Structures are given as structure tokens and as C-alpha cells.
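Here is the structure we will look at.
The values are calculated or read from the model by the stated rules, or taken from the named source; none is laboratory data. These numbers come from a predicted model, not from an experiment. Note: ideal-geometry Cβ built from the backbone for every residue, glycine included; neighbour counts use all protein chains shown. The accessibility values were calculated without ligands, DNA or RNA, using every heavy atom of the protein model including side chains. Shrake-Rupley method; radii C 1.70, N 1.55, O 1.52, S 1.80 Å.
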Amino acid sequence: MIWHHSGYVAQVCTKPRARVALLHLDATQPVVLEGTAAVIWDLIDGQRSEQDIFAELEATFEVQSGQMQAQVEGFLASLEAQRLIEAASGASH
């Protein structure tokens, strides 16, 4: 699956990008991402597949292959449920 940020999400980032505040235009509460969550948000670019994101995280955080995959999949599902990300055109579940 390839994801991209929803066009209805406003974001504000700290410098360096350690924290990202997100607000879907239909939501009443912002979502604040920190640490690994903020890194994942930055990796969601409409180009990288989930497998690419897993590989990048494993290299960045030096964890064993597959160790983070279930957690990342759950996090991506949560972002999708909050309508913060959408499947890229042509991508399927």
C-alpha cells in the first residue's frame, strides 16, 4: 500500500521536525505526533510503499527486520481512520 497525506489536513512542525501537529479540517481536536510517529508521518509521501517505510524505519532505528511492522501497520490504520492519510491513486488495500 502507498499512502499520502490527506488534502484536508493542516500541519505545523517544529524545527527540527521532532513534533508535528495535524488537524483534519472536519476534526475538532488536533493530533500531535512525536518521535517515531513524526518520522513515519514524514515518510508518508505518496511514493513510498509500506514496505519501503518499514525498511527505512528499521535502518534508522537499527531494529530487526519485521520487529516494528505490526506496530507501524496499526499506526497507519489509525491515521487512515482519522482521515489524516489516504491510499494513493491506484493503490489498493
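What dipole magnitude, in Debye to the nearest 20, does the chain give about its Cα centre under +1 on Lys/Arg Cβ and -1 on Asp/Glu Cβ?
Once rounded to the nearest 20, the dipole reads 320 debye.
Amide H to amide H under 5 Å from S6: which residues, 5+ apart in sequence or cross-chain, H placed 1.01 Å off N in plane?
I85, E86
With every protein chain kept in place and ligands, DNA and RNA left out, what is the accessible area per residue of the chain? Probe 1.4 Å, answer in Å².
61
Can you pull the percent of the chain's accessible area that's carbon plus sulfur, 1.4 Å probe, other chains left in place?
Carbon-and-sulfur percentage of accessible area, whole number: 50.
Please compute, for the alpha-carbon atoms of the chain, the extent along each of the three principal axes and give them in descending order in Å.
Sorted from largest, the Cα extents of the chain read 38, 33, 19 Å.
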